[in-house]
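For reference, the structure discussed in these notes is given below.
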Amino acid sequence: MINAHEHVQSRPEARELLGAMDESGIEATVLLGSPWFTFTLDPEHGLTGCDWNNDEILWLAREYRGRFHAWPTLQPNDPSMLEKLESLIERGA
């Protein structure tokens with residue numbers, strides 16, 4: 001069984017998620033890169049914070065290979081979006 005849509009803000013939160021996955025029989029989870037808005041629901045944040053969260057989920061996907069898969073989020077108006085995407089793919093996204 002695969003959880004195809006999950007957001008995590010931190011490494012400790014991901015460790016808790018692993019426990020819940022084990023209890024539920026979930027083999028793997030797709031972690032989606034998230035802006036600050038996803039965690040705060042404050043519209044002032046918009047899509048900020050994606051780069052930081054992308055780094056976190058990439059670290060988790062490397063640390064817990066096979067359990068987590070990183071699918072980053074990019075800001076659509078970021079002029080360096082293509083370069084960031086290429087770098088994220090090279091790093092395991």
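Throughout, read-outs are computed from the coordinates displayed, never taken from laboratory work. Just so we're clear, the structure is a prediction, and the values are computed from it rather than from any experiment. Positions of Cβ are backbone-derived with ideal geometry, glycine not excepted, and every protein chain shown enters the neighbour counts.
For the range 68-84, the set of residues classified as of a type in the set (A, V, I, L, M, F, W, C) and in contact (Cβ under 8 Å) with a residue 12 or more places away in the chain consists of PHE68, ALA70, TRP71, LEU74, listed by residue number. For GLU23, work out the one condition from (1) closer than 17 Å to HIS69 by Cα; (2) without any contact (Cβ under 8 Å) to a residue 40 or more places away in the chain it doesn't fulfil. Among (1) closer than 17 Å to HIS69 by Cα; (2) without any contact (Cβ under 8 Å) to a residue 40 or more places away in the chain, the lone unmet condition for GLU23 is (1).
Of the strands (runs of 3 or more DSSP E) entirely within the chain, none holds at least 3 residues that are over 14 Å from the mean Cα position of the chain (by Cα) and surrounded by fewer than 14 Cβ atoms within 10 Å (Cβ to Cβ).
Consider the range 26-67 and keep the residues that are free of Cβ contacts under 8 Å to residues at least 12 places away in the same chain and in contact with a Phe, Trp or Tyr (Cβ under 8 Å, 6 or more places away or on another chain). The one that is farthest from MET81 (Cα to Cα) is ASP42.
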